[in-house]
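The values are calculated or read from the model by the stated rules, or taken from the named source; none is laboratory data. Here the structure is a predicted model, which means the values were calculated and not measured. Because the Cβ atoms are built from the backbone with ideal geometry, glycine has one as well, and the counts that use them run over all protein chains shown. With ligands, DNA and RNA removed, areas are computed over all heavy atoms of the protein, side chains included. Shrake-Rupley method; radii C 1.70, N 1.55, O 1.52, S 1.80 Å.
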Amino acid sequence: MNNLSSRKFRQLTAISAVLLSVGMAGEASAAAVCSGSCGALGANGVVTTSPEGGDYRWVSTDGGPSNSGLGLGGETNGSTYSFTFDGTAADPLEFFFNFVTSDGAGFADYAWVNLTLPSSTVVTLFTARTTPSGNTVPGFGMPAISPGVTIDPATVLIIAGGPAWDPLGGSSGACFSAGCGYTDWVKADYALPETGTYSILFGVVNWADTAFQTGLAFDGVTVAGVPIDPEDPIPEPATLVLLGLGLAGLGGMRRRKAV
């Protein structure tokens, strides 16, 4: 390879690397971290396939370690699932969630999602909590949902009854008093206020005891319409096209050299 061809080869290689790194904006930048009981499922019991289709992820208090949750004072045990991703100011963050609880009156188990901004500010994207009457979402006695977050529907009553759902373990199908049930899928939207790396955390905890389990299903996490999958991040489609063009250029240069 002569000096000119060698220089072109290095330039195209550098361009391809830059295109790939740009394509990861909006994608998960770190693998998920589970503390406690987490998993993935398709339609199961009262939790249908998510609005996005396919499997959803979940966290459950069943088998979860000691967990102080949001530090409200009565938490006993639970689980969290978190990961980081890159975003740009004004990008819409969207996801769906479904709160499922076998616990009822007097045992206010809860779930929440917190988002840590690049500036380290923490915002609350939603809360859900066991209650014998009134709204399950937002949860009573919980931190206020941050300004700019839209929940659809805005308030959610529990669909009452002992919820059958495998992540609840031995509590699947059980019900302790009024307040047990599930919310069905709810959508959350939030416009990212800053450019940089974010961390999102999904959590659920038992309240006052460790009996009658509670869980949270979630799915469809997207940033600017791009799916975020911390287990298998991929470049955006536009980047794949550009990367392919760069690699095609490399192949063409090699063929010209061979001729």
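Looking only at region 152-167, decide whether some residue is at pLDDT 95 or above, of a type in the set (A, V, I, L, M), at negative phi and under 18 Å from the mean Cα position of the chain (by Cα). Walk me through it before giving the result.
As a first pass, look at region 152-167 and keep what is at pLDDT 95 or above: 152-153, 156-167.
Going one step further and asking which of them are of a type in the set (A, V, I, L, M), we end up with 156-160, 164.
Still in the running and at negative phi: 156-160, 164.
Those left that are additionally under 18 Å from the mean Cα position of the chain (by Cα): none.
Checking region 152-167: not a single residue is at pLDDT 95 or above, of a type in the set (A, V, I, L, M), at negative phi and under 18 Å from the mean Cα position of the chain (by Cα).
Please find, among G179, G215, G170, G203, the residue that is in a helix (DSSP H, G or I), closer than 22 Å to V46 by Cβ and modelled with pLDDT of 95 or more.
Values: G179 fails: in a helix (DSSP H, G or I); G215 fails: in a helix (DSSP H, G or I); G203 fails: in a helix (DSSP H, G or I).
After applying the criteria, what remains is G170.
Out of A208, A217, report the one residue that is small (G, A, S) and either open to solvent by 30 Å² or more (accessible area, probe 1.4 Å) or without any contact (Cβ under 8 Å) to a residue 60 or more places away in the chain (or both). So that I can check it myself, show each step before the final result.
On the way: A217 fails: either open to solvent by 30 Å² or more (accessible area, probe 1.4 Å) or without any contact (Cβ under 8 Å) to a residue 60 or more places away in the chain (or both).
Testing whether each residue is small (G, A, S) and either open to solvent by 30 Å² or more (accessible area, probe 1.4 Å) or without any contact (Cβ under 8 Å) to a residue 60 or more places away in the chain (or both) leaves just A208.
For a quick check of your reading: which strands (runs of 3 or more DSSP E) sit entirely within region 53-117 and have at least 3 residues that are over 19 Å from the mean Cα position of the chain (by Cα)?
Values: elements: 56-60, 75-87, 92-101, 110-116.
Here the list reads 75-87.
Out of curiosity, is T121 without any contact (Cβ under 8 Å) to a residue 12 or more places away in the chain and under 30 Å from T195 (Cβ atoms)?
Numbers: without any contact (Cβ under 8 Å) to a residue 12 or more places away in the chain: yes; under 30 Å from T195 (Cβ atoms): yes.
In short, yes.
Out of the residues in region 90-117 that are touching a Pro at 6+ places or on another chain (Cβ under 6 Å) and open to solvent by 10 Å² or more (accessible area, probe 1.4 Å), which is farthest from G45 (Cα to Cα)?
For region 90-117, the residue satisfying everything is A105.
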